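Enquirer: Starting off with a structure, shown below.
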Amino acid sequence: MRSSHSRLVPALVAVFWTAGASALAQTPTYRGIGRAPTDQEVRAWDISIEVDGKELPPGRGTARDGAPLFAQKCAACHGPELQGSPLAPPLVGGKGTLTTTRPVKTIGSYWSFATSIWDYINRAMPRNQEGTLTADQVYALTAYLLFKNNVIKEDDVLDRQSLPRVKMPSLSPQLERALLPR
């Protein structure tokens, strides 16, 4: 009997200590470390774009606008033909590979929403220069990538109204009906 208590007591102490530490960590008092962000700081970091695109900013771009931008800002990592490199994955190809043992996950084969492409470029590209692209540049690069994946035409204009309406090749009809605007 004694041996079961000797195991139980340390376990209970660990549970209560963890619960107490967790609750303390979630209190609004920082005890002299840092400060709460201002509303303006929170808004500046609130850049997420949902699949319906309601948060997209004004701007516009075409694949023709995006081609020189891609050459200047993206090709060094993704390759001049979007084929990928040791630094970054390919951005074209892969259609029909998702059900194979070696799927190639690219914009044309894997991404379900064009708005997610815009969001990713806006928040994470170019590497080590994140957040430096204007909305027009992000629309243009998104258009270029979609054009190179045969999703849109070279002169199609992407903006906050048209981008959410782009039908991606990997989008299931169920998700389309549930999430995309009509």
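The values are calculated or read from the model by the stated rules, or taken from the named source; none is laboratory data. These numbers were taken from a predicted model, which means no experiment stands behind them. Because the Cβ atoms are built from the backbone with ideal geometry, glycine has one as well, and the counts that use them run over all protein chains shown.
Enquirer: Counting just the residues of region 54-79 that are in contact (Cβ under 8 Å) with a residue 24 or more places away in the chain and of a type in the set (A, V, I, L, M, F, W, C), which one comes out farthest from Ile107 (Cα to Cα)?
Expert: Leu56
Enquirer: Further question on the same structure: Thr99 - would you say it is out of contact with any Ser or Thr (no Cβ under 9 Å at 6 or more places or on another chain) and at pLDDT below 95?
Expert: Numbers: out of contact with any Ser or Thr (no Cβ under 9 Å at 6 or more places or on another chain): yes; at pLDDT below 95: yes.
So Thr99 fits the description; yes.
Enquirer: Take residues that are touching a Phe, Trp or Tyr at 6+ places or on another chain (Cβ under 8 Å), at pLDDT 90 or above and surrounded by 10 or more Cβ atoms within 10 Å (Cβ to Cβ) and tell me which of the helices (runs of 4 or more DSSP H) falling wholly in region 1-85 contain 2 or more.
Expert: On the way: elements: 2-25, 39-45, 63-73, 75-78.
Per the criteria, 63-73.
Enquirer: Can you pull out the residues in region 94-111 that are of a type outside the set (A, V, I, L, M) and surrounded by fewer than 16 Cβ atoms within 10 Å (Cβ to Cβ)? Working first, answer last.
Expert: Keep residues of region 94-111 that are of a type outside the set (A, V, I, L, M), which gives 94-97, 99-103, 105-106, 108-111.
Across region 94-111, the qualifying residues are Lys95, Gly96, Thr97, Thr99, Thr100, Thr101, Arg102, Pro103, Lys105.
Enquirer: Go through (1) surrounded by fewer than 16 Cβ atoms within 10 Å (Cβ to Cβ); (2) of a type in the set (A, V, I, L, M, F, W, C); (3) modelled with pLDDT of 90 or more and name the single condition Leu179 misses.
Expert: Evaluating Leu179 over (1) surrounded by fewer than 16 Cβ atoms within 10 Å (Cβ to Cβ); (2) of a type in the set (A, V, I, L, M, F, W, C); (3) modelled with pLDDT of 90 or more leaves (3) as the failure.
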